[in-house]
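K.L.:
Attaching a single structure in structure tokens format; questions to follow.
The values are calculated or read from the model by the stated rules, or taken from the named source; none is laboratory data. Since the model is a prediction, treat every value here as computed from it, not as a measurement. No Cβ is skipped: glycine too gets one built from the backbone with ideal geometry, and neighbour counts run over all protein chains shown.
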């Protein structure tokens with residue numbers, strides 16, 4: 001469908017040429033020059049197909065903790081179905097009963113999620129949790145509160161699973177405000193319970209609110225409804241909060257385009273970029289939320305598609321990439337489900353600013369805080385292991401310049417979809 | 001479709017009863033008592049149908065500025081198509097040319113958007129802009145910058161319309177950073193241009209990013225794609241940023257349920273509340289964005305449906321209602337397109353807290369700032385004209401208690417969809 005729906009440039013000169021300044025004419029001619037470098041789409045597509053084929057064969061070979069002989073030393077949670085989580089809760093309660101009968105009293109065995117128990121595994125390129133746990137006894141002043149909260153959270157989660165519904169952390173908190181006192185307390189114990197039972201928070205049916213959207217060459221079911229993301233207009237489909245109700249992913253895309261911001265997403269959706277270059281376009285509108293991270297991983301794993309990222313050229317853009325790729329530290333026990341390894345940094349990269357002659361006035365000076373964030377990133381393992389990224393980041397810190405994706409609009413509103421991205425794809429210019 | 005998809009309560013006792021405290025047993029029995037008050041759904045539906053019929057007949061009678069003999073004294077913008085906006089821009093440029101030829105120099109006539117030029121019209125229940133304008137001359141040191149920016153924005157908007165695409169304010173800014181210097185400057189002039197041309201910002205094809213979602217008994221087209229919102233799973237459909245590409249709204253809903261927060265939205269979507277009580281459920285996930293406001297108004301106007309609002313019981317919840325109903329002050333020139341009059345406050349209302357026996361520990365004390373916000377609201381015209389709202393707000397300020405929608409979860413996770421809302425609808429308990 002929808003070749004009809006690709007908005008193509010008119011033969012008329014680009015938008016910016018209505019301006020009469022010399023500077024903007026120079027910019028235009030540069031933009032036109034780059035436009036001329038573009039090969040026919042079928043040649044670009046052939047190159048993309050190669051990347052796709054690589055991804056299809058490569059990603060079947062995922063390294064796991066057991067490959068590294070770490071499966072006993074480290075702890076990871078997995079997605080589990082309702083019945084199996086219910087059994088796990090019953091098991092945990094039986095263990096407590098046995099402990100009481102054996103005269104050792106009411107006590108839970110809870111894995112430690114402290115920073116000292118976290119480990120970055122380079123081969124996996126993500127943070128995992130070491131297998132250290134502590135006893136949470138009822139008959140102990142320092143743990144009685146947490147033991148009570150743990151019992152209550154287990155019972156609430158059990159009730160949620162029995163009804164086969166999904167709730168938010170906030171809902172859970174309100175079920176016993178008097179006991180929990182503060183949502184941070186029920187939240188923390190919820191993470192403990194997730195570790196204890198060895199299942200993801202989604203498996204507990206406690207979900208985060210979603211803010212991501214998806215559009216493009218993807219068909220999937222959301223709670224039984226078949227969603228065709230090529231027919232979601234410009235607004236796209238809201239990514240469901242309940243990943244376990246998502247199924248039957250199908251796609252003829254060659255890659256996934258991960259976009260940091262919704263403005264760029266809208267440009268791509270309106271221009272139906274996915275009809276010219278078959279892809280799935282996804283954004284979390286800024287800082288990635290859990291639902292979008294789960295959804296991205298699900299797509300990458302099931303469809304075996306390469307993922308290309310389009311983020312701002314600043315430390316924050318790279319930080320967002322790191323959350324998608326390596327996870328956040330406080331959810332390291334769930335890193336295998338939440339992270340998507342091997343995302344390629346397509347742009348906007350610091351080296352693009354000169355390469356694409358982004359005008360000086362569209363670049364922004366980095367603040368001291370930006371510079372510090374950039375230098376901190378250079379110390380991160382996930383950056384260090386990619387030479388290309390190190391070079392780019394060093395250039396950013398040295399030039400002290402940053403730029404948003406939107407800066408490309410200075411060459412015309414559709415420059416992103418008509419020149420920049422096609423040229424990037426043609427040149428396989430990702431790191 | 002989808003009766004199969006309504007998640008109904010089990011015969012088993014509700015979730016909270018697994019807890020053993022006396023207090024929660026008392027709460028349960030109260031919740032059960034309210035549940036028993038529920039009449040069969042067909043009786044509730046009959047009552048809803050009456051409200052629906054009222055809305056269908058009533059809203060055909062919309063008061064306009066001309067009814068109040070204010071059409072010359074006040075200025076409002078309307079949605080206009082691409083061709084007509086292009087003509088308006090050409091007209092504005094010709095007016096400048098004529099001014100030059102007449103020896104009066106290069107100058108725009110720009111409506112004032114200052115607070116002193118704003119007027120609250122009680123009959124309309126919204127803020128409008130008086131018709132006062134000033135001259136923005138090129139040959140005047142105090143206006144030369146703004147005149148130049150105005151010319152540039154007009155030319156950029158013209159280019160956008162010629163290509164029939166949509167862009168964001170940020171895109172617009174990046175087209176001439178050197179001139180605009182700061183996005184607030186291009187944004188302000190964009191609003192001026194909107195007023196000058198007498199068309200909405202959407203008509204200029206400059207859109208805001210969307211964050212709202214919709215689910216339920218609504219079918220519409222988004223850029224030509226047919227969207228059936230009963231088949232959007234739990235995630236719902238993202239509300240499109242470009243309202244002018246939305247069309248062909250159809251619905252068999254009896255009302256629109258406007259929800260403040262996404263957690264409540266998720267509960268309603270997962271329980272397929274719209275299958276039990278035919279409705280369209282919409283949320284902007286907090287502070288309403290322009291796209292959601294436009295979409296709500298469009299639904300209300302075209303489908304003539306009553307709108308019921310479910311917000312937190314705090315001043316902020318009511319503030320959100322006010323933005324939907326009366327608009328925000330800085331976009332008063334566009335109030336007729338952005339506002340949805342006659343939204344009913346369904347809940348959660350301060351009086352509900354006692355009526356539904358929301359446990360003390362689920363209520364939150366109001367801060368001094370909350371109290372001040374509540375008192376300020378009592379001075380607002382849009383509150384004063386609704387006695388019921390005044391009483392509720394006075395009660396809130398007096399009891400110094402607030403509560404979130406989520407507080408209803410203390411009676412069980414599905415209490416909102418199974419008891420609270422059905423009972424509210426049955427009792428026609430809205431203000």
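K.L.:
Do you know which residues across segment A:213-238 are buried (at least 24 other Cβ atoms within 10 Å of the Cβ), more than 9 Å from chain B (Cβ to nearest Cβ) and not in a strand (DSSP E or B)?
P.N.:
Selection gives A:218 alone.
K.L.:
Can you find a residue in segment B:62-69 that is part of a helix (DSSP H, G or I), surrounded by fewer than 17 Cβ atoms within 10 Å (Cβ to Cβ) and either out of contact with any helix residue (DSSP H, G or I) (no Cβ under 7 Å at 6 or more places or on another chain) or in contact (Cβ under 8 Å) with a residue 40 or more places away in the chain (or both)?
P.N.:
To start, the set of residues in segment B:62-69 that are part of a helix (DSSP H, G or I) comprises none.
Scanning segment B:62-69 turns up no residue that is part of a helix (DSSP H, G or I), surrounded by fewer than 17 Cβ atoms within 10 Å (Cβ to Cβ) and either out of contact with any helix residue (DSSP H, G or I) (no Cβ under 7 Å at 6 or more places or on another chain) or in contact (Cβ under 8 Å) with a residue 40 or more places away in the chain (or both).
K.L.:
Next up: Out of the residues in segment B:171-187 meeting the condition of being buried (at least 21 other Cβ atoms within 10 Å of the Cβ) and within 9 Å of another protein chain (Cβ to nearest Cβ), tell me which one is farthest from the chain's Cα centre (by Cα).
P.N.:
It comes out as B:176.
Conditions tested, residue by residue: (1) closer than 19 Å to residue A:239 by Cα; (2) facing chain A (nearest Cβ under 10 Å); (3) touching a strand residue (DSSP E or B) at 6+ places or on another chain (Cβ under 9 Å).
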position	(1), (2), (3)
B:245	no, yes, yes
B:250	no, no, yes
B:258	no, no, yes
B:267	yes, yes, yes
B:273	no, no, yes
B:279	no, no, yes
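To keep it simple, each residue is scored yes or no on (1) out of contact with any helix residue (DSSP H, G or I) (no Cβ under 9 Å at 6 or more places or on another chain); (2) crowded, with 23+ Cβ neighbours inside 10 Å; (3) over 17 Å from residue A:386 (Cα atoms); (4) modelled with pLDDT under 90.
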| site | (1), (2), (3), (4) |
| --- | --- |
| A:307 | no, yes, no, no |
| A:312 | no, no, yes, no |
| A:316 | no, no, yes, no |
| A:319 | no, no, no, no |
| A:333 | no, yes, yes, yes |
| A:338 | no, yes, yes, yes |
| A:344 | no, no, no, no |
| A:349 | no, yes, no, no |
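K.L.:
Okay, moving on. Please enumerate the residues belonging to segment A:391-428 that are within 21 Å of the chain's Cα centre (by Cα) and either more than 14 Å from every other protein chain (Cβ to nearest Cβ) or surrounded by fewer than 18 Cβ atoms within 10 Å (Cβ to Cβ) (or both).
P.N.:
Within segment A:391-428, A:393, A:421 meet the criteria.
K.L.:
So if I check each of A:167, A:153, which one is within 14 Å of chain B (Cβ to nearest Cβ), closer than 16 Å to residue B:410 by Cα, at pLDDT 90 or above and buried (at least 24 other Cβ atoms within 10 Å of the Cβ)? Steps first, answer last, please.
P.N.:
Numbers: A:167 fails: at pLDDT 90 or above.
The conditions single out A:153.
K.L.:
Looking only at segment B:125-143, filter to residues that are within 30 Å of residue B:69 (Cα to Cα) and in contact with a helix residue (DSSP H, G or I) (Cβ under 8 Å, 6 or more places away or on another chain); which one of those is modelled with the highest pLDDT? Before you say what the answer is, go through the steps one by one.
P.N.:
Kept after step one, since they are within 30 Å of residue B:69 (Cα to Cα), are these residues of segment B:125-143: B:125-136.
If we keep only those that are in contact with a helix residue (DSSP H, G or I) (Cβ under 8 Å, 6 or more places away or on another chain) too, we end up with B:125-130, B:132, B:136.
Working: B:125: 71, B:126: 72, B:127: 73, B:128: 77, B:129: 80, B:130: 82, B:132: 85, B:136: 93.
Looking at residues that are within 30 Å of residue B:69 (Cα to Cα) and in contact with a helix residue (DSSP H, G or I) (Cβ under 8 Å, 6 or more places away or on another chain), I get B:136.
K.L.:
Here's a check for you: in segment A:123-150, which residue that is over 27 Å from residue A:178 (Cβ atoms) and without any contact (Cβ under 8 Å) to a residue 40 or more places away in the chain is farthest from the other protein chains (Cβ to nearest Cβ)? Steps first, please.
P.N.:
Residues of segment A:123-150 over 27 Å from residue A:178 (Cβ atoms): A:123-133.
Okay, now just the ones that are also without any contact (Cβ under 8 Å) to a residue 40 or more places away in the chain, so A:132-133.
Numbers: A:132: 31, A:133: 26 Å.
The extreme case among them is A:132.
K.L.:
A follow-up question, please. Can residue B:93 be described as closer than 30 Å to residue B:341 by Cα and either surrounded by 17 or more Cβ atoms within 10 Å (Cβ to Cβ) or within 14 Å of chain A (Cβ to nearest Cβ) (or both)? Working first, answer last.
P.N.:
Values: closer than 30 Å to residue B:341 by Cα: no; either surrounded by 17 or more Cβ atoms within 10 Å (Cβ to Cβ) or within 14 Å of chain A (Cβ to nearest Cβ) (or both): yes.
When the stated conditions are applied, residue B:93 does not pass them.
K.L.:
Regarding residue B:46, is this residue surrounded by fewer than 17 Cβ atoms within 10 Å (Cβ to Cβ), assigned by TED's automatic domain parsing to the domain that holds residue B:218, within 30 Å of residue B:129 (Cα to Cα) and at pLDDT 70 or above? Break it down into steps so the answer makes sense when it comes.
P.N.:
Numbers: surrounded by fewer than 17 Cβ atoms within 10 Å (Cβ to Cβ): yes; assigned by TED's automatic domain parsing to the domain that holds residue B:218: yes; within 30 Å of residue B:129 (Cα to Cα): no; at pLDDT 70 or above: yes.
Here the answer is no, as residue B:46 does not meet what is asked.
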